[in-house]
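Notes follow once the structure below has been shown.
The values are calculated or read from the model by the stated rules, or taken from the named source; none is laboratory data. All figures in this text were calculated on a predicted structure; none of them were measured in a lab. Glycine also receives a Cβ, built like all others from the backbone with ideal geometry; neighbour counts cover every protein chain displayed.
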Amino acid sequence: MKKPSSKIREEIARLQEQLKAAETREAERIGRVALKAGLGEIEIEEAALLSAFEDLAGRFRRGSGKSTGKRNAAGSRSTGDATATLASGADAGGDHEA
């Protein structure tokens, strides 16, 4: 038996609420980590910051930026690489404010 369109709309609305909640949790988690790393104090253009985050995400997707989850763990390159990426992004952004 097929679902009536009203039931499908209700399910879509429920799923959209779940998606919004999941995105909020993810954004808060990433934001907390970014603040701990000191990104809140850096004046950088939003486009340059987005580019740096995209580079970082790509590195983790390829598996070359695996992290142990420990701060400054021996053999972990993610902290230094992220700093280098953001530093170059800050240089690329110039003196513009976000």
Quick check: anything in region 1-14 of a type in the set (Asp, Glu), surrounded by 10 or more Cβ atoms within 10 Å (Cβ to Cβ) and modelled with pLDDT of 95 or more?
-> yes
Can you tell me which residue among SER76, SER51 is at pLDDT below 50 and surrounded by 13 or more Cβ atoms within 10 Å (Cβ to Cβ)?
-> SER76
Would you pick out the residues in region 22-57 that are small (Gly, Ala, Ser) and either in a helix (DSSP H, G or I) or free of Cβ contacts under 8 Å to residues at least 40 places away in the same chain (or both)?
-> ALA22, ALA27, GLY31, ALA34, GLY38, GLY40, ALA47, ALA48, SER51, ALA52, ALA57
